[in-house]
Structure formats: structure tokens, C-alpha cells
Amino acid sequence: MSLPFGFSDHPAQLLRVGPGFSLAEQPSKAAPGFSGKKLDGVDTLAARAPVLAQLQEQLFAESRFGGKKSLLLILQAMDTAGKGGVVGNVVGAVDPQGVKLTTFKAPTDEEKAHDFLWRVRPGAPGPGMFGVFDRSHYEDVLIHRVHGWADGAELERRYDAINAFEAELIDSGTTIVKVMLNISPAEQLKRLTARLHDPTKYWKYSPTDLDERKFWPEYMDAYQHAFEKTSSEGAPWYVVPADKKWYARMAVQEILINALGGLNLQWPAGDYDLAHERSRLQGA
């Protein structure tokens, strides 16, 4: 695993949830493994964007010739933690024709009539696609645990269902990267305040954001349980400090580059006679 410029350790190793992991002990303001400052991080993000873009293009190109591989980035976080910024500044650097973005809001009445994974399955990426879940099936074990909308037995069933669902995706050729953007209550309050003092950001503010802040310890506990129940070798969780937006974006970018780089992606040779086509071009 090669280290990008400015890193002493790779984010894919530093930020991965492992045995004995404690969310309460994870810093939200730090920049683990990175020795530079904000401008260095911004430069690194820009410099590494073409690397991610090429890997995504190779993923897409392979699928045009029978490749079955795909990638799914699952983003979870408290409000204002920067999911949209990751989508726009990291995923936004790749070819959009190869991206499948699914945003999960509160379920509709029709969706509530089915099992919680019913609305999630259609969002899974097909061969060659870079899938992104902006929030996900994990809402059904996070908010439901916090507010007591599901009892212990039902939550255990859902953890098992999630693990089975993700194992199915892996078996079909999907590489799963699960990221929790870890923001502090103080930083969230700062960002919420900024939204109410900027007319261009009024639309981002929701009164429910303040309501949910009251349950911060319960949400952290719910995340801890989710990590313990669903972080696996094949579908690991990464907890990324998010108080510094520039670091969070850079770290997620490197985790994605590492995941795609491990797929041994190749440029397809094509299904035609190369020498013959070159000869035809000379006479065109």
C-alpha cells in the first residue's frame, strides 16, 4: 500500500474499524497520518483526483467487455458532517456516466409496507458502476435504535440482514467501502449557525437537525453497535475525522483509491483486430 504525498500512514489502515474499536476515543478535529496543513490537503486532493478518475474509468471500461466488478461507497454521518462535500469534491472528480448516486430520505408509505432493505436493493451498483449511498440501510438500525422504533430482537434481525445483503453484493463482484464522517457537536453547531446566517444555505437547514442534537450520545452509541455488528473483512467501516472538511475529503479519496487499486483493474484490449483497424485508418 503506497503512501500518497504528505501521509506517514495510509488512511485505509489508520481509520479502519477493527477489534476493540471505540468511537468515543476517536478524534474529530485531527488529521491522522497527514503532516501538512489545509492548503497542502487541498493540493493533495486535486493532485490525486486524476488517479481516482482513471481507476473509475478502468472499472467502467472493464464492464463494457464482460467485467463484473463494481464499487459501493456508503456514507453515514450526523447532519452537516460533509457527506455532500465528499460526493461533490471526491466522487465529483470522476466520470458521472459511471456513477450511481442514491440518496435515502425518510421512507414513503409504500416503502414502509416492505422490509427495510426493499428500497435499498435497487440502488446497488451494477457491473462497472461506482455506487454511492448518501445515507443508507444503516438508518434503520441507527435512528430506530435511538428513538426506540425497533426493539432489541428486531435490531438484531436487521444487523443480520445487513450482513447478508452486503455479503450478496460482495459475491456479485461489488467492493464495499463504508464511511462514517465523525463530526463533533461543537463543529456541527458552528455549521448549523453558519447556515442560518447565509441566504445561500437556508435551504440546507432543517429544524429537526437541532432536535436530533439532543440525542447525540444515543446516536454515538448506535453507531458503536453498528460498527461492532457489521464491520467485517469484506465490508469494513472507516471512521473519518470530519471537523476539517479538507482532511475528510482527502482521506475518503485515498480510501477509495486504495479500494479500487486492489481490484487489479486493466484497460480492455477490445474485441477487434487492432492491426487491421489501424490499417483501415491509414486508408480513411
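The values are calculated or read from the model by the stated rules, or taken from the named source; none is laboratory data. Here the structure is a predicted model, which means the values were calculated and not measured. A quick note on method: Cβ atoms are made from the backbone with ideal geometry, for glycine too, and the neighbour counts reach across all protein chains shown. Heavy atoms of the whole protein, side chains included, go into the accessibility calculation; ligands, DNA and RNA do not. Shrake-Rupley method; radii C 1.70, N 1.55, O 1.52, S 1.80 Å.
Worth pointing out:
- Proximal charge balance of Gln76 [Cβ under 11 Å; K/R count +1, D/E count -1]: +1
- Entry comment: accessible area of the range 202-271 is 46 Å² per residue, from protein heavy atoms only and a probe of 1.4 Å.
- For the range 39-179, the gyration tensor built on C-alpha atoms gives an oblate shape. Its axis ratio a/c (a ≥ b ≥ c) is at least 1.5, and a/b is not larger than b/c.
- Span-like helix check, the chain: qualifying full DSSP H segments, with Cα axial length of 30 Å or more and mean Kyte-Doolittle of -0.5 or more, are 38-63.
- Cβ-defined net charge surrounding Gly6, 12 Å radius [Lys, Arg +1; Asp, Glu -1]: -1
- The mean sequence separation of alpha-carbon pairs under 8 Å and at least six residues apart, normalised by the residue count of the range 143-284, gives a relative contact order of 33 percent.
- Cβ-placed point charges (K, R +1; D, E -1), dipole of the range 33-184 about Cα centre in debye, nearest 20: 440 debye
- Percent accessible area from carbon and sulfur atoms, the chain, protein chains only, probe 1.4 Å: 54 percent
- Straight-line reach from Lys201: taking Cα to Cα under 26 Å and skipping same-chain neighbours fewer than 8 places apart, the lysines in range are Lys29, Lys38, Lys83, Lys100, Lys105, Lys190, Lys214, Lys244, Lys245.
- Packing rank of 166-172, 270-276, where each peptide gets the mean count of other beta carbons within 10 Å, highest leading: 166-172, 270-276
- Accessible surface, per residue, of the range 84-141 when the full set of protein chains is kept, probe 1.4 Å, Å²: 45 Å²
- Between the range 60-75 and the range 103-169, the alpha-carbon center distance in angstrom: 22 Å
- Along the range 175-183 the Karplus relation, 6.51 cos²θ - 1.76 cosθ + 1.60 evaluated at θ = phi - 60°, assigns HN-Hα couplings of 8, 10, 10, 10, 10, 10, 7, 9, 9 Hz to successive residues, with x for each Gly and Pro.
- Distance between modelled label sites at Thr208 and Phe21, nm, 7 Å Cα→Cβ extension: 2.6 nm
- Taking amide hydrogens as placed 1.01 Å from N in the peptide plane, the amide H of Leu263 sits under 5 Å from that of no residue at least 5 positions away in sequence or on another chain.
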